[in-house]
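Inspection log for the structure reproduced underneath, given as structure tokens.
The values are calculated or read from the model by the stated rules, or taken from the named source; none is laboratory data. Treat the numbers as computed from the prediction; the structure is a model and nothing was measured. Ideal geometry is used to build each Cβ from the backbone, glycine not excepted, and the neighbour counts take in all protein chains shown.
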Amino acid sequence: MESHLKLIFSPEEIHLAVNGLASEIRRDYAGKVPLLIGVLKGSFIFLADLIRTLKMPLEVDFIRTVSYGSGDVSSGDVKITKDIDADIENRDVLVVEDIVDTGLTLDGIFRHLQAKNPASLKVCALVDKRARRELPVKIDYSGFRVKEGFLAGYGLDYNEKYRYLPGLYIVK
Ligand code: IMP
């Protein structure tokens, strides 16, 4: 393992967190067929594990925004570069994010989706990173809370690196 990576959540801890989230979501959406919208690219592994753990009728779509150009500095400007394909009017929509930092991305996505009149709109984030929050976004389901630091692994990248790592690491 590269020396500037420090493990903060092991694959076992992630597995437990995903199980916990899936139980809550399964209970809250019982009898419904939610549409889970993964925010590309960072959420793809989390979403894949989450839906296999959920084991309930659901649909999947994806959205992509431009957030961090490279490195770890937020541009502050959220642009949707790939919109969802599904019609979400009157659907129960659950946005699946890898990590919420300033909240700008989630706020932009939330407002974009809300304008399409879903029946309900909630957010599930693997990591809620609090220290640099600029907008008070509501996260309905969160796996881990951390204060700060740049995380990589389990789908999350640092300049496109480390997505393949099975655990979550702090990049030092
Ligand atoms: P926000 O708009 O500042 O909340 O940033 C959200 C997006 O930035 C996430 O969807 C990630 O793609 C990226 N991001 C924020 N913090 C991290 C991190 O620690 N590691 C990897 N990506 C991050």
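Observations, loosely collected:
- Selected residue (criterion: surrounded by the fewest Cβ atoms within 10 Å (Cβ to Cβ)) from residues of the range 36-50 that are out of contact with any helix residue (DSSP H, G or I) (no Cβ under 9 Å at 6 or more places or on another chain) and without any contact (Cβ under 8 Å) to a residue 60 or more places away in the chain: ALA48
- Residue match in the range 1-8 (condition: acidic (Asp, Glu) and modelled with pLDDT under 95): yes
- All positions within the range 35-49 that are under 12 Å from VAL95 (Cβ atoms) and more than 15 Å from the ligand (Cβ to nearest atom): LEU35, LEU36
- Scope the range 92-110; condition away from the ligand (no atom under 16 Å from the Cβ) and crowded, with 20+ Cβ neighbours inside 10 Å; matching residues: VAL93
- Search result, residues across the range 121-171 that are among the charged types (D, E, K, R) and buried (at least 20 other Cβ atoms within 10 Å of the Cβ): ASP128, LYS129
- Residues in the range 75-107 that are at pLDDT 95 or above, farther than 30 Å from SER10 by Cα and not in a strand (DSSP E or B): ASP83, ILE84, ASP85, ALA86, ASP87, ILE88, GLU89, ASN90, ARG91.
- Scanning the range 79-103 for residues that are under 19 Å from ALA131 (Cα atoms) and within 13 Å of the chain's Cα centre (by Cα) gives GLU97, ASP98, ILE99, VAL100, ASP101, GLY103.
- Taking first residues from the range 140-162 that are aromatic (Phe, Trp, Tyr) and partners that are part of a loop (DSSP other than H, G, I, E, B) and more than 9 Å from the ligand (Cβ to nearest atom), the Cβ contacts under 7 Å between residues at least 6 apart in sequence or on separate chains come to TYR154/LEU165; TYR154/PRO166; TYR154/GLY167.
- Matching option when the condition is within 10 Å of the ligand (Cβ to nearest atom) and either in contact with a helix residue (DSSP H, G or I) (Cβ under 6 Å, 6 or more places away or on another chain) or modelled with pLDDT of 95 or more (or both), among LEU135, LEU113, LEU121: LEU135
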